[in-house]
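One structure is given below, encoded as structure tokens.
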Amino acid sequence: MAVSKVEVVVLGLLAEEPLYGYDLLERFRERSMGFWVEVGKASVYQVLRRLEREGLVAGRSQEGPEGPDRRVYRITRSGRARLTAGLEERFGDLEPYETDAGVAFGFAHLLSATQARKAIDARETSVRDLLDAVKTERYRSAADRGAGRAISNAMLDRQEALGKAELAWIKGFRAALGRIRR
């Protein structure tokens, strides 16, 4: 059975240290993971409950310092095996760099010339905004010296490289679309 992306994220963070749900989401944010993987808050809690039922994580109630009790989760031996399987699956998968914008670009020839120019300009602006957000995220997290920060920075490097590559591609796409329309 394939290991879901949410499972990989949850098990991966729990492999580093025991966490409760909210703390897991905070760690996700601190590590800038939202720049390279989409995971919904509700999905995290659903997966935690399911992983516990399956024996892949063990949960223990812990009295909260200020407020209600919390459930702290730690990864089990079988959870580590599942995480390893999920990581190995992903490294070997041949998948396209798929985006919703890619779908739109694939049908850009169906727009009027004016609409296509506006749409391409909007995508270029969005990519530039992403690159600005990556730069801001680097600044925000510069003081973090945690164990996962080096990997997080490498993942931000990847997003930056993909963004710059897309900007270069957009330039060529504009020219190609212009030739197609003539």
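The values are calculated or read from the model by the stated rules, or taken from the named source; none is laboratory data. Keep in mind the model is a prediction, meaning the values are calculated, not measured. Reconstructed Cβ throughout: ideal geometry from the backbone, glycine too, with neighbour counts over all protein chains shown.
Details
- From the options Val37, Val72, Val44, residue that is within 30 Å of Leu131 (Cα to Cα) and in contact with a Leu (Cβ under 9 Å, 6 or more places away or on another chain): Val44
- Which listed residue is under 25 Å from the mean Cα position of the chain (by Cα) and modelled with pLDDT under 95, from Tyr97, Tyr73: Tyr97
- Check on Glu98, outside any helix (DSSP H, G or I) and acidic (Asp, Glu): yes
- Residues of the stretch 34-48 include at least one that is surrounded by fewer than 18 Cβ atoms within 10 Å (Cβ to Cβ), without any contact (Cβ under 8 Å) to a residue 40 or more places away in the chain, acidic (Asp, Glu) and closer than 24 Å to Ala2 by Cα.
- Within the stretch 27-48, not a single residue is acidic (Asp, Glu), assigned to a helix (DSSP H, G or I) and modelled with pLDDT of 95 or more.
- Pick from the stretch 83-101, criterion surrounded by 12 or more Cβ atoms within 10 Å (Cβ to Cβ) and without any contact (Cβ under 8 Å) to a residue 60 or more places away in the chain, ranking: farthest from Leu14 (Cα to Cα): Ala101
- Evaluation of Val127 against the conditions (1) without any contact (Cβ under 8 Å) to a residue 40 or more places away in the chain; (2) in contact with a helix residue (DSSP H, G or I) (Cβ under 8 Å, 6 or more places away or on another chain) shows that the sole unmet condition is (1).
- Odd one out for Thr136 among (1) surrounded by 11 or more Cβ atoms within 10 Å (Cβ to Cβ); (2) β-branched (Val, Ile, Thr); (3) out of contact with any Phe, Trp or Tyr (no Cβ under 7 Å at 6 or more places or on another chain): (1)
- Residue match in the stretch 66-74 (condition: under 30 Å from Leu177 (Cβ atoms) and either assigned to a helix (DSSP H, G or I) or among the β-branched types (Val, Ile, Thr) (or both)): no
- Exclusive hit being assigned to a helix (DSSP H, G or I), within 21 Å of Ala113 (Cβ to Cβ) and outside the structural domain of Gly34 (by TED's automatic domain parsing), set Ser126, Ser152: Ser126
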